Amino acid sequence: MNSFFTRRFVVQGIFIVVAIILLARLFYIQVIDKSYFLSANYNVLRKITIYPARGVILDRKGQILVQNEPVYDLMVIPREVKPFDTLQFCRLIGIDKASFIRKFEKAQTFSPYRESILEKQLSAMTFASLQEKLFEYPGFYIQKRTVRRYPDTVAAQFLGYINEVTEKDIERSEGFYKPGDYIGRTGVEKSYEEVLRGQRGVQNLMVDAFNRPKGHFAEGRYDTLASAGDKLISSLDKELQKFGEQLMQNKIGSIVAIEPSTGEILAFISSPAYDPNLMVGRYKGNNYMKLLNNPNKPLFIRPIQAEYPPGSIFKVINALVAQQFGMVNPGTQFFCGGGYHYGRRGIMRCTHVHGTLDLAQSIQYSCNTYYGYVYNRMVDHAGMRPVKAYQRWHDAVARFGVGGKLGIDLPNERKGNLPSAEFYTRHFRSDKWTSSYNISLSIGQGELGITPLQMANVVAAVANRGYYYKPHLIKAFGEDKVIKAEYTKRNSLGIDARYFNPVIEGMSRVVNQPGGTASYSRIADIEMCGKTGTVQNPHGDNHSVFFAFAPRNNPKIAIAVVVENAGYGATWSAPIASLMVEKYLRDSITRPKAYVERLLKANLLPGAKKIKPVHRSSEDTILQKLELKPIEILTPKALLQDE
């Protein structure tokens, strides 16, 4: 009996405790916590998302590259919509009736009780005319947000664009993004999304039966403020970027300019370019498809995605590596009789009979024969099996940033191609191969593939006499101007500093002395050191390549230029690089107008009428204007042949 009463009291106690918990919870929900009240009264309260402004992007001098401009999304809650004049409404927002019906049905399918975007990014003018009559259309309201605006329409591939999030974006963000949000899709907009995006806010507005706001619920105690994204300070020089894009108009290729002492990218030009404002607004989708279908591929980011054999600029790397291996020295001479003979009957031809050359002269005259001998020594006469000697060479070249991603702060960088010893062993089905099997690597041809960014990085490392900083496009971000630690670390080439002197001397002669392959591009009172290249292209005309740095001592700029299907490096890439260097160092151009206009007006696109070689009389006129004496390199044949 006592046991029965004890159990009864226990059961009663449990019921009492449960009742107290439920009452307490009910009191909290109805009296203390207003969130359920907000949900239950959603028909008179509207939860408005406040979208933050994305961080602005500036150039290295503080000039604006990207800013924000207000636009207005038209939202709809289908259940609250009453009968109205559809045609008049469509005229107000600038769409046809068929589009309106399609979008409204899509919103109903999503949810008749929740808001959906009916029409995105109405202009301020459209919003102004609509706002006056919006009370006549219950169920519709305006949500303000910002979109990007590009005041100077430059650097589209570097900046990138934003786009509406996909379901995968929402899943990856673990709930941060919601349908209708925007995210950086390409360029630095994507790389620095977490810095630029800011934090959303929320407003709880009370509305009347006519859909008119009547103030904030609970005096705004449950509202949260939006927090704008942090600004980015890019390394680009806007004026240099604009000038480079003008020079590359009607040409396909790239320009990458780097400050050697920091790794900061001064110009990042991918041509053909496009107006980044095309990727903003209600017609962005149509514009994107036009760009996507353009045969010249303006959406392709050539500085980091195009891969080319480097051509004769690669001789600079071979000259440095060979010295480090002890295979040549500044006084090492080889005889050039017009080509390098290898194997039983093979010959790698040179453009001239250069006679006997030393190391600096081999760079100055871009002698193929010389580097056939140099490569032969490194692979076949290194005191080890050729396959192991080649792998040693491969590893030394890789330290220049060739054949691997440099880690630039842009998505989708490609690593290029630097074939390993195993690649050739598989290809030749034996490990008994020698330098004659891949002799084209000696002059930067064959299986090599290098991006323009890697070319610029190589010449920046040469300018520094043996090291480079990781190339990057953003100097700092936020009010505190945060700099990533990885951009302050030196990356050594593993080449002793003393080996750079003869190579740099040869590069200086390329531009500044008679017989140099780019003497047509020398700059008065600025010692630019460079190397031309003409890249064989199995799909068409050769590519024009040039890289350089200036001035020789305490260099301020390193640059690489690639112009596709343009022929010789001395003809197009070297003059373009020369003007870019002068523009950056002097902030002006001192060359004759004819010199500059030839580059600005040239159309080298596929199918365009090719420009004929310069005649002797024309060269003399140009030389007189430049106050230079005619030299052998400027004869019609030599002007157009740099190796």
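The values are calculated or read from the model by the stated rules, or taken from the named source; none is laboratory data. If you're wondering where the values come from, they're calculated on a predicted model, not measured in any experiment. All Cβ positions, glycine included, derive from the backbone under ideal geometry; neighbour counts span all protein chains shown.
Could you run through segment 381-402 and say how many residues are at pLDDT below 95 and on the phi > 0 side of the Ramachandran plot? Of the residues in that region, 1 qualify.
Restricting segment 120-145 to residues that are under 39 Å from the mean Cα position of the chain (by Cα) and of a type in the set (S, T, N, Q) leaves a set whose member that is farthest from I183 (Cα to Cα) is T126.
Yes/no per residue for (1) out of contact with any Lys or Arg (no Cβ under 6 Å at 6 or more places or on another chain); (2) not assigned by TED's automatic domain parsing to the domain that holds K583:
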site: H216; (1), (2): yes, yes
site: Y222; (1), (2): yes, yes
site: A228; (1), (2): yes, yes
site: K242; (1), (2): yes, no
site: N250; (1), (2): yes, no
site: A267; (1), (2): yes, no
site: S271; (1), (2): no, no
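Checking each residue in segment 64-90 for being farther than 30 Å from V154 by Cα and hydroxyl-bearing (S, T, Y) picks out only T86. In the set M348, M378, M327, only one residue is at pLDDT below 95 and aliphatic (A, V, I, L, M); that residue is M348. Taking the listed residues S578, S588, the one that is modelled with pLDDT of 95 or more and polar (S, T, N, Q) is S578, with no other qualifying. Residues satisfying the criterion are present in segment 109-119 (criterion: of a type in the set (G, A, S), buried (at least 16 other Cβ atoms within 10 Å of the Cβ), under 37 Å from the mean Cα position of the chain (by Cα) and under 22 Å from G201 (Cα atoms)).
Those helices (runs of 4 or more DSSP H) of segment 121-172 in which at least 3 residues are of a type in the set (A, V, I, L, M, F, W, C) and either in contact (Cβ under 8 Å) with a residue 12 or more places away in the chain or surrounded by 18 or more Cβ atoms within 10 Å (Cβ to Cβ) (or both), considering only elements entirely within it, cover 124-131, 156-159.
Screening L278 with (1) out of contact with any Gly (no Cβ under 9 Å at 6 or more places or on another chain); (2) outside any loop (DSSP other than H, G, I, E, B); (3) modelled with pLDDT of 95 or more gives one miss only, at (3). In segment 94-113, the residues that are free of Cβ contacts under 8 Å to residues at least 60 places away in the same chain reach residues that are hydroxyl-bearing (S, T, Y) with C-beta atoms within less than 7 angstrom, at least six apart or across chains, in these pairs: G94/T126; K97/T86; F100/T86; A107/S116; F110/S116.
Within segment 46-76, restricting attention to residues that are of a type in the set (D, E, K, R) and assigned to a strand (DSSP E or B), the residue that is nearest to I101 (Cα to Cα) is D73.
Test S442 against the criterion of being assigned to a helix (DSSP H, G or I) and over 25 Å from the mean Cα position of the chain (by Cα), and give yes or no. Criteria met by S442. Counting the residues of segment 527-538 that are farther than 11 Å from A570 by Cα and modelled with pLDDT of 95 or more gives 3.
Within segment 236-268, which residues are crowded, with 24+ Cβ neighbours inside 10 Å and of a type in the set (G, A, S)? Correct list: G244, G253, S254, A257, G263, A267. Taken over segment 405-439, the criterion of being assigned to a loop (DSSP other than H, G, I, E, B) and within 18 Å of R385 (Cα to Cα) is satisfied by P419, S420, R429, S430, D431, K432, W433, T434, N438. Here T369 fits the description: surrounded by 12 or more Cβ atoms within 10 Å (Cβ to Cβ), modelled with pLDDT of 95 or more and outside any loop (DSSP other than H, G, I, E, B).
Only a single item in (1) out of contact with any Ser or Thr (no Cβ under 7 Å at 6 or more places or on another chain); (2) among the polar types (S, T, N, Q); (3) under 27 Å from L406 (Cα atoms) is not met by S312, and it is number (1).
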